[in-house]
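Enquirer: Pasting in a structure now, in structure tokens, and then I'll have a few things to ask.
The values are calculated or read from the model by the stated rules, or taken from the named source; none is laboratory data. This one's a predicted model, so the numbers in the text were calculated from it and none came from an experiment. All Cβ positions, even for glycine, are placed from backbone atoms using ideal geometry, and neighbour counts span all protein chains on display.
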Amino acid sequence: MIGLRIARILPCSLRCPLITTDANTLMGSIRDRMLVILDFAGCDKWLGADEPGNDLLSLLKPFPRDELGACPVSTFVNNPRNQ
């Protein structure tokens, strides 16, 4: 399953899509979804495509678990009151 969410990245209303997919085994212990992460070859393919197609859909998959890391953080980090 692939999801799409529009995120505001600057206060000036510039927006970009965030594409999510099923979580890999690392992220699956935290959430059931993760952002699509492209390697360099995937970025070149995505940005160089003339038209969307099935070949681009193959890029929308969980990033390999062995190429990611995770560490615990304080709940202070995830609290919007702590600017």
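Enquirer: Of all residues in the range 1-43 being in contact with a Ser or Thr (Cβ under 8 Å, 6 or more places away or on another chain) and among the charged types (D, E, K, R), which is modelled with the highest pLDDT?
Expert: Looking at residues that are in contact with a Ser or Thr (Cβ under 8 Å, 6 or more places away or on another chain) and among the charged types (D, E, K, R), I get ARG33.
Enquirer: Still on this structure: For the range 34-56, enumerate the residues that are outside any loop (DSSP other than H, G, I, E, B) and either of a type in the set (Val, Ile, Thr) or touching a residue at least 12 places away in the same chain (Cβ under 8 Å) (or both).
Expert: Once the filter is applied, which keeps residues that are outside any loop (DSSP other than H, G, I, E, B) and either of a type in the set (Val, Ile, Thr) or touching a residue at least 12 places away in the same chain (Cβ under 8 Å) (or both), the range 34-56 yields MET34, LEU35, GLY42, LYS45, TRP46.
Enquirer: Name the residues in the range 44-71 that are at pLDDT below 90, surrounded by 12 or more Cβ atoms within 10 Å (Cβ to Cβ) and of a type in the set (A, V, I, L, M, F, W, C), would you?
Expert: Passing the criteria: TRP46, ALA49, LEU56.
Enquirer: Condition check: of a type in the set (A, V, I, L, M), touching a residue at least 24 places away in the same chain (Cβ under 8 Å), over 19 Å from CYS16 (Cβ atoms) and surrounded by 14 or more Cβ atoms within 10 Å (Cβ to Cβ). Does MET27 satisfy that?
Expert: Considered against the rule, which asks whether it is of a type in the set (A, V, I, L, M), touching a residue at least 24 places away in the same chain (Cβ under 8 Å), over 19 Å from CYS16 (Cβ atoms) and surrounded by 14 or more Cβ atoms within 10 Å (Cβ to Cβ), MET27 comes out as yes.
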